[in-house]
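One structure is given here, and the rest of the page talks about it.
The values are calculated or read from the model by the stated rules, or taken from the named source; none is laboratory data. Computed from a predicted structure; not experimentally measured. When we count neighbours, we look across all protein chains shown, and the Cβ atoms used for this are built from the backbone with ideal geometry, even at glycine. Areas reflect the complete protein model, heavy atoms only, side chains present, ligands, DNA and RNA absent. Shrake-Rupley method; radii C 1.70, N 1.55, O 1.52, S 1.80 Å.
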Amino acid sequence: MQVVRAIGVLEPGGAQLSALRLSRALRAHGIETLMVAGDASPAGLDVARAHGFEVEHFSEVRGLQWEPDGDFAGWLAERVAGADLVHGHMFGAWWAAARATPADVPVVGSEHNALTWPRACHDEDAAAVAGRLGCFFGHGPEARAWAARIGVPGDRIVAGESALEGLDGTPQSDLPIPRITYAGRFSADKGPDVLVEAIGMLADPPPTFLLGDGEMRAALEHQVASLGLQDVVRFAGWQAQPERFIAGAAVHVVPSRQDAWSQSAALAMGLGVPVVGTAVEGLPETLGAGRGTLVAPEEPRALAAAIGAVLAGLSESDLAAARTYAQRFTPDRVAARYASVYRSLAGADSTAVRPAA
């Protein structure tokens with residue numbers, strides 16, 4: 001079976017890593033993947049190459065994660081010829097796939113985050129192609145609710161799953177103990193600035209590693225300096241193997257303002273590390289049932305108190321349950337589920353069951 005996987009923007013990030021891991025794991029199910037992208041950064045192309053994929057891309061920077069672009073759809077039409085199924089990740093990609101793909105070839109869409117429309121709202125454009133999607137994978141409750149509002153049939157809306165690697169990771173030998181970790185983009189929705197403020201409220205904070213990069217880097221460095229935390233907060237950059245830092249940490253923090261489903265939270269859970277996160281969108285589902293600690297978003301004092309409690313040994317998280325939860329998202333398990341959906345839609349497996357909401 002041949003799948004074309006189109007990604008709105010290819011850059012180092014959780015959604016992109018998950019798509020690459022999924023594509024690689026699908027080979028064991030007899031499914032080969034041609035990967036293409038709307039936008040792509042050099043770092044994103046390098047990440048894809050490290051996973052065994054050479055990715056052709058339409059442009060360098062056009063914001064195709066959030067934008068419907070007829071030129072991109074025309075470009076994509078030439079690349080979906082011969083595909084058994086086309087899977088678009090992020091609105092711009094699945095919109096283009098719905099426009100470009102022959103009518104007898106199924107189209108699948110994935111949204112890894114809530115639709116925030118940073119430039120202009122495209123609900124009407126999305127609604128115009130909603131009926132073309134054979135399945136919509138929403139990785140958070142807001143994305144799934146939005147899909148229903150734009151007219152994706154309810155039986156085609158399912159919970160998306162992100163493939164995780166590194167659940168058997170071991171820490172680098174030169175890292176301090178105890179330590180706090182954060183892994184994610186340096187962007188407002190991920191809330192790294194809230195974490196830095198919370199660290200400044202701790203009486204004696206341990207070394208804190210910020211894994212990632214992004215547009216907030218300079219502002220975060222300024223914030224760290226203004227709080228006198230230069231000897232505490234360490235900018236470790238984007239890491240291909242974040243588990244080498246997270247494994248053995250005293251606490252992993254997810255201070256998001258928005259988060260459909262946190263890969264770094266699930267990774268830490270799988271490594272037996274207590275997680276403190278904010279009660280936004282999909283995080284209560286991830287950290288609920290005692291699997292982690294939840295605090296209100298935008299509340300650095302509450303975040304500091306929760307971190308302090310874990311550091312003091314007062315955490316009551318069920319780490320065994322957290323590990324069990326994380327094991328649901330190994331690449332093999334996620335690929336088996338997606339392979340079943342793909343074959344059902346493409347008519348390649350008459351025994352497969354169409355996903356239910």
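Between Arg333 and Arg149, the simple spin-label model (points 7 angstrom out along Cα→Cβ) gives 3.2 nm.
For the peptides 315-325, 247-257, 180-190, 152-162, the ranking by mean Cβ contacts within 10 Å, running from highest to lowest, is 247-257, 180-190, 152-162, 315-325.
When Cys121, Cys135 are compared by accessible surface with a 1.4 Å probe, the order from highest to lowest is Cys121, Cys135. Reported to the nearest whole Å, the Cα centre-to-centre distance from the stretch 148-202 to the stretch 26-82 is 24.
When the inverse distances between all different Cα atoms of the chain are averaged and flipped, the Kirkwood radius reads 20.8 angstrom.
Are there any helices in the chain, counted as whole DSSP H runs, that stretch 20 Å or more along their axis by Cα and score at least -0.5 on average by Kyte-Doolittle, and if so which? Don't skip to the answer; put the middle values down first.
Working: long enough: 331-346 (22 Å, -0.21).
Once both thresholds are applied, what remains is 331-346.
Rolling a 1.4 angstrom probe over the protein heavy atoms, how many square angstrom per residue are accessible across the chain?
39
With the Kirkwood sum run over all distinct C-alpha pairs, the stretch 47-137 has a hydrodynamic radius of 13.7 Å.
Return the carbon/sulfur percentage of the accessible area of the chain, one whole number, probe 1.4 Å, all protein chains in place.
50
Placing +1 on the Cβ of every Lys and Arg and -1 on the Cβ of every Asp and Glu, with nothing else charged, gives the chain a dipole about its Cα centre of roughly 740 debye.
Pairs of Cα atoms nearer than 8 Å and 6+ residues apart set the relative contact order; for the stretch 95-198 it is 22 percent. Projecting the alpha carbon convex hull of the stretch 161-271 along each direction and taking the average yields 6.7 nm². Here the peptides 43-53, 222-232 are ranked by packing, the mean other Cβ count within 10 Å, and the order with the highest first is 43-53, 222-232.
The Rg/Rh ratio of the stretch 72-111, with Rg taken over Cα atoms and Rh as the Kirkwood radius over Cα pairs, comes to 0.91.
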